[in-house]
Amino acid sequence: MERESDCARIGRMACDGLLPLTRLLAAAAAVLAGAAAQAQVYAGTDAEGTLVLSNHASDVAAQLLIAAPHEPAPAAGPVEPAAPDPSARSPLMGEIRAAARRHDLPESLLAAVIAVESGFNATAVSPKGAKGLMQLMPATARRFGVRDVFAVQDNLNGGAAYLRWLLTQFDNDLRLALAAYNAGEGAVARAGGRIPPYPETRDYVAKVLARMASR
């Protein structure tokens with residue numbers, strides 16, 4: 001005689017009223033735990049009191065008996081370290097803050113311009129002759145009374161004064177003021193009051209604004 005299966009035996013006992021529903025579900029869970037390891041199982045009884053097991057919910061099998069296993073979350077890849085911000089560790093931040101206040105400028109603007117212009121190198125000299133932290137051209141340094149272009153405070157005050165003048169000149173349009181700082185106010189005027197179509201100038205404006213936003 002063929003041996004009665006565990007599932008059939010549980011169903012028969014449910015029909016005969018030999019198992020309360022709570023014990024019935026526990027017994028079914030023990031039987032199905034191995035077979036249903038990869039799927040969810042719902043249980044219930046039909047109108048005749050017969051146990052119903054299903055891998056999806058229905059009016060007859062509405063009680064979740066075995067939940068589907070959670071998929072393990074994918075392992076996160078290595079996180080690239082953020083590029084260090086030289087302004088965060090610069091010993092010049094006190095002087096930068098003072099110059100920004102003196103000329104009514106955002107500290108983040110002044111620090112961003114210095115980062116892009118010289119990388120906080122007070123002795124930087126460009127191929128075109130711009131010098132110091134804020135890369136002042138000789139004519140600009142003279143125009144704003146800079147005596148020693150490599151002296152930190154002199155250079156900061158001259159560059160900050162120029163930035164303040166440019167912002168006033170261009171109705172506080174920061175993008176135009178930055179473009180003029182890079183290419184000269186004459187270049188902005190010749191471009192019809194817009195950022196000149198020079199890749200270097202457009203890249204410069206974008207870099208300074210990005211630096212400001214990251215602070």
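The values are calculated or read from the model by the stated rules, or taken from the named source; none is laboratory data. The model shown is predicted, which means the values in this text are computed figures rather than measured ones. Neighbour counts are summed over all protein chains in view; Cβ atoms, including those assigned to glycine, are modelled from backbone coordinates with ideal geometry.
Mind checking whether some residue in the stretch 108-117 is assigned by TED's automatic domain parsing to the domain that holds D203, free of Cβ contacts under 8 Å to residues at least 12 places away in the same chain and not in a loop (DSSP other than H, G, I, E, B)? The answer is no, given that none of the residues of the stretch 108-117 is assigned by TED's automatic domain parsing to the domain that holds D203, free of Cβ contacts under 8 Å to residues at least 12 places away in the same chain and not in a loop (DSSP other than H, G, I, E, B). Scanning the stretch 142-161 for residues that are surrounded by fewer than 20 Cβ atoms within 10 Å (Cβ to Cβ) and either more than 39 Å from the chain's Cα centre (by Cα) or not assigned by TED's automatic domain parsing to the domain that holds A115 (or both) yields R142, R143, F144, G145, R147, D148.
With respect to the conditions (1) over 16 Å from A100 (Cα atoms); (2) surrounded by 21 or more Cβ atoms within 10 Å (Cβ to Cβ); (3) in contact with a Gly (Cβ under 9 Å, 6 or more places away or on another chain), V188 lacks only one, and its number is (3).
A206 meets all of the listed conditions (1) of a type in the set (A, V, I, L, M, F, W, C); (2) out of contact with any helix residue (DSSP H, G or I) (no Cβ under 6 Å at 6 or more places or on another chain); (3) under 15 Å from T140 (Cα atoms) but one, namely (3). Tell me, yes or no, whether the stretch 172-189 has at least one residue that is of a type in the set (A, V, I, L, M, F, W, C), at pLDDT 95 or above and not in a helix (DSSP H, G or I). Checking the stretch 172-189: not a single residue is of a type in the set (A, V, I, L, M, F, W, C), at pLDDT 95 or above and not in a helix (DSSP H, G or I).
The set of residues from the stretch 191-215 being basic (K, R) and surrounded by 14 or more Cβ atoms within 10 Å (Cβ to Cβ) comprises R202, K207, R211, R215.
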